[in-house]
1. Return, for the Cα atoms of the stretch 119-199, the radius of gyration and Dmax in Å, separated by a comma.
2. Which Rg and Dmax, in Å, describe the Cα atoms of the stretch 167-232?
3. How high is the FRET efficiency between Asp127 and Ser260 when r is their beta carbon distance and R₀ equals 41 Å, given to the nearest 0.05?
4. Just to verify a number: FRET efficiency for Arg283 and Lys140, C-beta to C-beta distance, R0 = 35 Å, to 0.05?
5. Within 10 Å of each candidate Cβ there may be at most 14 other Cβ atoms; applying that plus a DSSP loop requirement, which GluC sites (Glu not before Pro) in the stretch 178-287 survive?
6. Can you pull out the chymotrypsin sites (Phe, Trp or Tyr not before Pro) in the stretch 172-262 whose DSSP state is coil and whose Cβ has at most 14 other Cβ atoms within 10 Å?
7. Can you compute the label reach from Tyr237? Point 7 Å from Cα along the Cβ direction, backbone N cut-off under 20 Å, restricted to the stretch 73-95.
8. Can you spot the lysines whose alpha carbon is less than 20 Å from Lys155's alpha carbon? Ignore those fewer than 8 places along the same chain.
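The values are calculated or read from the model by the stated rules, or taken from the named source; none is laboratory data. Note that the structure is a prediction, hence the values are computed from the model and not measured. Cβ placement follows ideal geometry from the backbone for every residue including glycine, while neighbour counts extend to all protein chains displayed. Remember, those area values only see protein heavy atoms, side chains included, never the ligands or the DNA or RNA. Shrake-Rupley method; radii C 1.70, N 1.55, O 1.52, S 1.80 Å.
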Amino acid sequence: MRLAPSSRPASSGQRGAGLTSLPGDWLNPEAIPQDRVAAEDPGGRARFGTMSWIPFKIGQPKKQIVPKTVERDFEREYGKLQQLEEQTKRLQKDMKKSTDADLAMSKSAVKISLDLLSNPLCEQDQDFLNMVTALDTAMKRMDAFNQEKVNQIQKTVIEPLKKFGSVFPSLNMAVKRREQALQDYRRLQAKVEKYEEKEKTGPVLAKLHQAREELRPVRDDFEAKNKQLLDEMPRFYNSRLDYFQPSFESLIRAQVVYYSEMHKIFGDLTQQLAQPGRPDEQRERENEARLSELRALSIVADD
């Protein structure tokens, strides 16, 4: 049984993000027996500290049952996926913060223009009223385009990130199952070795035979789980590029459309200003001159 995090969501370019499939039954939470899973940490992940062989620990076999190269390969591949999980969570969180800030900015701009419209100056000066009305229209247009951009990012970037992240708990549980199988394998291997070292009497040979029979299916179970994860973890890691590329293409397109519209909106607003050609330096000098006149009034003069 295979599980896909999502179908590809639609975007402005009729493309979206999503995997057609992801490797392995370890992505299916229903396939995970809960009764054989060790207690998990708050993140639901198996940590390599619990997987390391502890010298002289009771119940550990003398025989190296998992080659060190295999264990290193496993830890390397799983470490890459743990890092990918953290990066996916962080990116999703940062994208949400960014869109929330964008919306807050445009909403604040609309409120400022509305506050200006209610200013008594607008009742006394027609030119000022015309300028603020033009500003209010521009801010509302900006807010509308900003909302459209945020909706697009939510649909084609944030939601695919969330769906991709939902796969990792099943992966982490599969690693726990592999760790449990490894512990069972080590325990039974140590049991076999214990009887192999004893004097070969009839009862000992019978117990040795029984221990070997118990070991065989446990060893096969671990090797199957280990092979599946070693085969499929690299495939899952490499699939991230095909999954996320459409999302980030959509993000770029949404930003390009938004800022193109902002260029038009503020270009139109500039044309409606009374003196669009005045440079900022001139405006600053004029404001300073007016401020100096106000400061010269007796009611604001320093004592």
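1. When restricted to the Cα atoms of the stretch 119-199, Rg and Dmax are 33.7, 110 Å.
2. Rg, Dmax (Cα atoms, Å): 15.2, 52.
3. Efficiency computed from Cβ-Cβ geometry: 0.85.
4. My answer for the efficiency is 0.90.
5. Glu199
6. Those that pass, being in a loop and sparsely packed, number zero.
7. Answer for this model: 73-91.
8. Within the straight-line limit of under 20 Å, Lys155 reaches these lysines: Lys89, Lys93, Lys96, Lys97, Lys163.
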